[in-house]
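Engineer: Before I ask anything, let me first share the structure, which is written out below as C-alpha cells.
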Amino acid sequence: MARPKICLLFCGGTIGMVRNSKTGALQPASSAIDIIRDFPEIQKYVQLDFKMVVDIDSSNMNPENWTKLAETVHKYYDQYDGFVVAHGTDTMAYSAAALSFALQNLSKPVIFTGSLIPLTEIGSDGRNNLIYACLTAAMDVAEVCLVLANKIIRGNRAKKYHESFVAVFHSPSFPDLGELGRPTVLHDWRKKRRKRKLSFNPNFDQNISLLKLFPGFDPEIIQKVIERGAHGIIIEGFGPGNVPFLENSIIPQIESATKQGIPIVITNQMEKGVTNLSAYEAGLVAAKAGAISSKDMTTEATVAKLLWTLAKTRKLPEIRKIMEKNLAGELEG
Ligand code: ASP
C-alpha cells in the first residue's frame, strides 16, 4: 500500500531550537529543516515532505505569519493527505484557532505539534510528538488539531496550561478528539474525512486590543484604546463575563464603542468557563450596552476569530453575527 503523503510545515518553536552556548537560552537553530530531516524512521510509515514557513520563537508569531501558513497549506492542499505544523507551544493555540478560520471545511487534517525540549537534546518530547502528529495526519481526521503528549485536541478549543511531558495543552470546554496510545483512539465527535469544498480566507486584521478586568480597572483605558483607533476590543470579564457597572462602570465605554461601530466582545477569566451575559445584572447591562458574548470560546479562539472577522467586514451587525455563530467547532450553537 502506498504510504500517505504528509507535508510538514515548519514554523519554529522549541522543537527546532538549539541552546546558545554563551547564554544557555534556547533560540531558533540556523538550519531547523536539517534537524527535522534527520529523522528517518517516520518515513517508513508516511512520505514526509518539508516546507519552511518561518523559524521563530512563537512569541513572535503574528497574523501575517498566520496568513503565510494558511497560504502554504492552500498551495499544497491537493498534493497531500495531511499536514503537520511544527510550531512553538507558547502561541500554538492562537495559530491553530486562526488556521481553523482561514481554512474552513477541511477534507483532511492540519495537525499542530511542538515540544518542550528541542529535538537536538537528549530526552526530547519532540520526537514522539512529531511521530504521533505525522501518524495522526494520515488518519481519519479532517480538522485543525493539536497533537502533543497523549492527546488529540481541537485546535480552536486548545489552551496551553502546563509545561510537562504529560500535559501541555488542554481543551477545557470541549472533549478531546482522541487519545494517543496503543491503540490510538479517535472519538466520534471529531470531523472525519470526506470530500468538502475548502473555504479559504487567509486574511486577518491586525488592530484589536485584549483587556483583562481587575477590581478597580480604570474605564479610561477602554476610552484610550478606542481613541487610538482599535477596530475591536475583547474584554475578559469576571465570572461568566461580568463587568463593573457601579463605580468604575465600563458601560458608557461599551455604549460609546458600539455607537461608533467598534465591536466589544466579552470573554471570561475562568479556566473552564463559559461566557454568559444573562446570568447576572453585571453581564446583562454589558449586553444591553451592545457587548457581544464570546460564549464558550477560549480567549485564544476569540482573538483569532475577531481578527479574522474584521478582515472580512467592519460592519457591526455582521461582525456580531459571525462572532456568535459556530464556524469551525469553536463554540456550541
Ligand atoms: N518559546 C517556545 C515557543 O513557543 C516554547 C515552545 O516551543 O514550547 O516558540
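Engineer: Step through the table entries Lys5/Lys75; Lys195/Lys315; Lys295/Lys321, compare each Cα-Cα distance with 23 Å, and write down the pairs that go over it.
Structural biologist: Numbers: Lys5/Lys75 15 Å; Lys195/Lys315 33 Å; Lys295/Lys321 13 Å.
Among Lys5/Lys75; Lys195/Lys315; Lys295/Lys321, the Cα-Cα distance tops 23 Å for Lys195/Lys315.
Engineer: Quick one: what do you get for the chain if you divide its Cα Rg by 2.2 N^0.38 Å? Let's see the in-between values first.
Structural biologist: Working: Rg = 20.5 Å, N = 333, 2.2 N^0.38 = 20.0 Å.
Cα Rg divided by the expected 2.2 N^0.38 Å: 1.02.
Engineer: Continuing with this model, one more query. Put +1 on the Cβ of every Lys and Arg and -1 on every Asp and Glu Cβ in the chain; which of Val185, Val243, Thr267 then has its Cα farthest towards the positive end of the dipole?
Structural biologist: Positive-most Cα among the choices belongs to Val185.
Engineer: Counting only GluC sites (Glu not before Pro) that sit in a DSSP loop (anything but H, G, I, E, B) with at most 13 other Cβ atoms within 10 Å, what is the longest stretch of the chain containing none of them?
Structural biologist: Within the chain, the longest run free of exposed GluC sites (Glu not before Pro) spans 1-246.
Engineer: Please enumerate, by chain and number, the aspartates and glutamates with C-alpha under 15 Å from the C-alpha of Lys224, excluding those fewer than 8 residues away in the same chain.
Structural biologist: Glu255
Engineer: So how far apart, in nm, are the two label points at Ile122 and Ser278 if each is 7 Å from Cα heading toward Cβ?
Structural biologist: Rounded to a tenth, the inter-label distance reads 6.0 nm.
Engineer: Return one whole number: the accessible area per residue of the stretch 84-239 in Å², for a 1.4 Å probe.
Structural biologist: On the way: 6240 Å² over 156 residues.
For the stretch 84-239, the solvent-accessible area averages 40 Å² per residue.
Engineer: Kindly state, as a whole number, the per residue volume in cubic angstrom of the convex hull around the alpha carbon atoms of the stretch 289-333.
Structural biologist: That works out to 75 Å³ per residue.
Engineer: A further question follows. Pairs of alpha-carbon atoms within less than 8 angstrom and 6+ residues apart define the contacts here; what relative contact order does the chain have, in percent?
Structural biologist: 15 percent
Engineer: With a cap of 15 neighbouring Cβ atoms within 10 Å, and only residues DSSP puts in a loop, list the chymotrypsin sites (Phe, Trp or Tyr not before Pro) found in the stretch 11-120.
Structural biologist: Within the stretch 11-120, the qualifying chymotrypsin sites (Phe, Trp or Tyr not before Pro) (loop, at most 15 other Cβ atoms within 10 Å) are Tyr45.
Engineer: In the chain, what percent of the accessible surface is made up of carbon and sulfur (1.4 Å probe, ligands and nucleic acids excluded)?
Structural biologist: Ligands and nucleic acids excluded, carbon and sulfur reach 51 percent.
Engineer: For the pair Arg3 and Lys321, what calculated FRET efficiency results from E = 1/(1 + (r/R0)^6), where r is the Cβ-Cβ distance and R0 = 56 Å, to the nearest 0.05? Write out the running numbers ahead of the final one.
Structural biologist: Details: r = 44 Å, r/R0 = 0.78.
Here the calculated transfer efficiency is 0.80.
Engineer: Length gain on complete extension for the stretch Arg19 to Met52, per 0.36 nm per residue less the alpha carbon to alpha carbon distance?
Structural biologist: Residue separation times 0.36 nm, minus the Cα-Cα distance, leaves 9.8 nm.
Engineer: List the equivalent ellipsoid semi-axes of the stretch 176-225 in whole Å, largest first, each obtained as the square root of 5λ for an eigenvalue λ of the Cα gyration tensor.
Structural biologist: So the three semi-axes of the stretch 176-225 are 42, 22, 8 Å.
Engineer: Still on this structure: Can you report the principal axis dimensions of the stretch 200-282 using only the alpha carbons, biggest first, rounded to whole angstrom?
Structural biologist: 37, 29, 19
Engineer: Let me check something: with ligands and nucleic acids excluded, how do Asp90, Asp176 order by accessible area (1.4 Å probe), largest to smallest?
Structural biologist: The ranking, largest first, comes out as Asp90, Asp176.
Engineer: Where does helix 126-137 land angle-wise versus the long Cα axis of the chain, in degrees 0 to 90, nearest 10?
Structural biologist: Helix 126-137 and the main axis of the chain meet at about 80 degrees.
Engineer: What FRET efficiency comes out for Thr313 versus His162 if R0 is 45 angstrom and r is the Cβ-Cβ distance? Round to the nearest 0.05.
Structural biologist: 0.75
Engineer: Kindly list the residues of the stretch 281-322 that lie in the label zone of Gln206, defined by a backbone N under 20 Å from the point 7 Å along the Cα-to-C-beta vector.
Structural biologist: The answer is 303-314, whose backbone nitrogens lie closer than 20 Å to the label point.
Engineer: Quick check for you: with a 1.4 Å probe and neighbouring chains kept, what is the accessible area per residue of the stretch 290-333, in Å²?
Structural biologist: 37 Å²
Engineer: Determine the dipole magnitude for the stretch 153-289: charges of +1 sit on the beta-carbon of Lys and Arg, -1 on that of Asp and Glu, nothing else is charged, the reference point is the Cα centre, and the result goes in debye to the nearest 20.
Structural biologist: 1300 debye
Engineer: Can you classify the stretch 54-173 as rounded, prolate or oblate using the Cα gyration tensor, where a ≥ b ≥ c are the square roots of its eigenvalues, rounded means a/c under 1.5, and otherwise it's prolate if a/b beats b/c and oblate if not?
Structural biologist: Cα axes put the stretch 54-173 in the rounded bin.
Engineer: Picking from Val73, Phe204, Gly13, whose Cα lies most toward the positive end of the charge dipole for the chain (charges on Cβ: Lys, Arg +1; Asp, Glu -1)?
Structural biologist: Val73
Engineer: If you keep only loop residues by DSSP, which trypsin sites (Lys or Arg not before Pro) in the stretch 183-235 have at most 14 other Cβ atoms within 10 Å of their Cβ?
Structural biologist: In loop regions of the stretch 183-235 (DSSP not H, G, I, E or B), the sparsely surrounded trypsin sites (Lys or Arg not before Pro) are Lys192, Arg194, Lys195, Arg196, Lys197, Arg228.
Engineer: If you take the Cα atoms of the stretch 1-105, find Rg, then find the Kirkwood Rh from the mean of 1/r over all pairs, what is Rg/Rh?
Structural biologist: Details: Rg = 14.5 Å, Rh = 14.6 Å.
Dividing the radius of gyration by the Kirkwood radius yields 0.99.
Engineer: Let me ask you something else. Per the helix-only calculation at 222 nm, which mean residue ellipticity applies to the chain, given -39500 (n - 2.57) for every DSSP H run of n ≥ 4 and division by its residues, nearest 500 deg cm²/dmol?
Structural biologist: The per-residue figure over the chain is -8000 deg cm²/dmol.
Engineer: Along the charge dipole of the chain, Cβ charges K/R +1 and D/E -1, which of Ile153, Gln43, His170 sits furthest on the positive end?
Structural biologist: Final value for the positive-end residue is Gln43.
Engineer: While we're here: Placing +1 at every Lys and Arg Cβ and -1 at every Asp and Glu Cβ, with all other atoms neutral, what dipole size does the chain have around its Cα centre, in debye to the nearest 20?
Structural biologist: Values: 39 positive and 34 negative charges, 233 e Å.
The dipole magnitude comes to about 1120 debye.
Engineer: How big is the dipole moment of the stretch 53-135 about its Cα centre under a simple scheme where the beta carbon of each Lys and Arg is +1, that of each Asp and Glu is -1, and everything else is neutral? Debye, nearest 20, please.
Structural biologist: For the stretch 53-135, the charge dipole is close to 200 debye.
The values are calculated or read from the model by the stated rules, or taken from the named source; none is laboratory data. If you're wondering where the values come from, they're calculated on a predicted model, not measured in any experiment. All Cβ positions, glycine included, derive from the backbone under ideal geometry; neighbour counts span all protein chains shown. Each accessible area value is taken on the protein alone, full model and side chains, heavy atoms only, with ligands, DNA and RNA left out. Shrake-Rupley method; radii C 1.70, N 1.55, O 1.52, S 1.80 Å.
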